[in-house]
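What follows is a short report on a single structure.
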Amino acid sequence: HAVKRNWNIVSPKAPELKSPLLSLKIKSEYTKMPLQTMSKVLQECGIQVSLPPWRGDFVMRLSAHIYSDETKFAGIFDRLDFLRE
């Protein structure tokens with residue numbers, strides 16, 4: 001089951017964000033309250049993310065490496081879709 005949703009992925013395109021983590025743009029309503037957003041994602045989705053500042057806003061960072069197959073990886077995007085910009 002392929003990832004069907006179109007996320008704005010800012011890494012690894014942005015050199016300053018290159019790492020083992022995936023960086024994604026999210027809706028501005030969630031970037032305005034990063035601590036609450038991280039808590040909500042953990043409580044409601046069981047996924048630990050970080051929201052570091054980047055270019056005057058915040059991006060969501062998560063480790064794509066912990067999802068061992070495409071089904072699990074696609075499922076993570078389904079659960080996080082409410083955040084998608």
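Could you count how many residues in segment 35-48 are under 18 Å from residue 10 (Cβ atoms) and either crowded, with 19+ Cβ neighbours inside 10 Å or at pLDDT below 95 (or both)? If you could, list the steps in order and put the result at the bottom.
The first filter runs over segment 35-48 and keeps only residues under 18 Å from residue 10 (Cβ atoms), leaving 37-38, 41.
Retained after the next criterion (residues that are either crowded, with 19+ Cβ neighbours inside 10 Å or at pLDDT below 95 (or both)): 37, 41.
Selection size over segment 35-48: 2.
For segment 35-53, enumerate the residues that are of a type in the set (Gly, Ala, Ser) and either in contact with a strand residue (DSSP E or B) (Cβ under 6 Å, 6 or more places away or on another chain) or part of a helix (DSSP H, G or I) (or both).
Result: 39, 50.
Being part of a helix (DSSP H, G or I), touching a residue at least 12 places away in the same chain (Cβ under 8 Å) and surrounded by fewer than 14 Cβ atoms within 10 Å (Cβ to Cβ) is the filter here, so list the residues in segment 17-34 that pass it. Spell out the reasoning first.
From segment 17-34, those part of a helix (DSSP H, G or I) are 17, 28-31, 34; that's our starting set.
Among the residues that remain, those that are also touching a residue at least 12 places away in the same chain (Cβ under 8 Å) are: 17, 28, 30-31, 34.
Hit for segment 17-34 is 28, nothing else.
From the set of residues in segment 1-12 that are under 14 Å from residue 61 (Cα atoms) and not aromatic (Phe, Trp, Tyr), which is modelled with the lowest pLDDT?
12
Out of 62, 17, 51, 22, I need the residue that is at pLDDT 90 or above and not charged (D, E, K, R). Which one?
Details: 62 fails: at pLDDT 90 or above; 17 fails: at pLDDT 90 or above; 22 fails: at pLDDT 90 or above.
Just one listed residue meets the conditions, 51.
Between a residue in segment 36-54 that is of a type in the set (Asp, Glu) and any residue that is in a loop (DSSP other than H, G, I, E, B) and buried (at least 17 other Cβ atoms within 10 Å of the Cβ), which pairs come within a Cβ distance under 7 Å, given they are 6 or more apart or on different chains?
Within 7 Å, no pair qualifies.
The values are calculated or read from the model by the stated rules, or taken from the named source; none is laboratory data. Since we're looking at a predicted model, the values are computed, not measured. Reconstructed Cβ throughout: ideal geometry from the backbone, glycine too, with neighbour counts over all protein chains shown.
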